[in-house]
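Below is one structure, written out as structure tokens; comments come after it.
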Amino acid sequence: STAHMSKLARRLADTRRWLDSIVIGQRLCPFAPPVRQPPALRLRASVAECSCGVAAELAEEAAALRLGLDSPGTEGSPETSLLVLGGTLDNGALGWRELIALSWKLQAEVIVDRGHAEHLQIVLFHPAATHSTYAEAGGPADAGDFTIRSPHPVVQLLREVDVLEGVRSHPDAEGIPGRNRVRLRGQGVAACEERLMRCIAAGEEA
């Protein structure tokens, strides 16, 4: 339906705003700007209603990334893919812990079983993501968690070769996540929350 397509389009637009204003705008990932536009970036709104459907979609994204790796001269090959999910899956809410559990299934069925383990890796983002496994809903907020928070649940695929190149080319790639958390904590929860909400509000005004 038109309403359904519009919802998917809004999900992608929110995610593009998040990439521009937060991931790139706040310099959370120095490797993001060169792959911000297609064909390097594949941005896909999931239409899956169950975890098996998400696995099928991610398998297609993985195949697209592998094509570029296996046939380096392939024109228009993507370097990374973001599969943007909705707020529900398998007839229930897709919370942060549910997304983590889903990622185990995706890692096993899409990455390992299909022979991608040495070539691709999964990264997760979520509106309620926390760095601490033990963080309780409604507990003290940590602005550092906004380094992995996005307007909608996201499963990103990265190519291992690009990750290794990033580590080699950046003077302190391993220190990036820690520095990001410190910087956002300095900005405070309210500022981080407002910035993330603006990514969604802008879409609602459009």
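The values are calculated or read from the model by the stated rules, or taken from the named source; none is laboratory data. Computed from a predicted model, the values in this text were never measured in an experiment. We place every Cβ from the backbone using ideal geometry, glycine too, and count neighbours over all the protein chains shown. Each accessible area value is taken on the protein alone, full model and side chains, heavy atoms only, with ligands, DNA and RNA left out. Shrake-Rupley method; radii C 1.70, N 1.55, O 1.52, S 1.80 Å.
A few remarks follow.
- Here segment 1-81 was treated as a single set of alpha-carbon atoms; its pair distances binned every 10 Å from 0 give 17, 38, 37, 9 percent.
- Accessible area in square angstrom per residue, the chain, 1.4 angstrom probe: 53 Å²
- Per-residue [θ]222 nm for the chain (sum of -39500 (n - 2.57) over DSSP H runs n ≥ 4, rounded to 500): -13500 deg cm²/dmol
- Theoretical FRET efficiency, 1/(1+(r/R0)^6), r = Cβ-Cβ of VAL112 and ILE24, R0 30 Å, to 0.05: 0.45
- For SER81, the residues 5 or more places off, or on other chains, whose built amide H falls under 5 Å of its own are ARG42, LEU157.
- Shown in residue order for segment 17-33 are the 3J(HN,Hα) couplings computed by the Karplus curve 6.51 cos²θ - 1.76 cosθ + 1.60 at θ = phi - 60°: 5, 4, 4, 6, 8, 10, 4, 8, x, 9, 6, 6, 9, x, 8, 6, x Hz (x for Gly and Pro).
- Simple label model, 7 Å out from Cα along Cβ direction - ARG168 to HIS4, nm: 4.6 nm
- Accessible-area composition of segment 1-76, carbon plus sulfur, in percent [1.4 Å probe]: 58 percent
- Cut-off of 10 Å, at most 15 other beta carbons, DSSP loop: longest stretch of the chain lacking such GluC sites (Glu not before Pro): 137-206
- Annotation: extensible slack from HIS131 through GLU194 equals 20.7 nm (criterion: 0.36 nm per residue apart, minus Cα-Cα distance).
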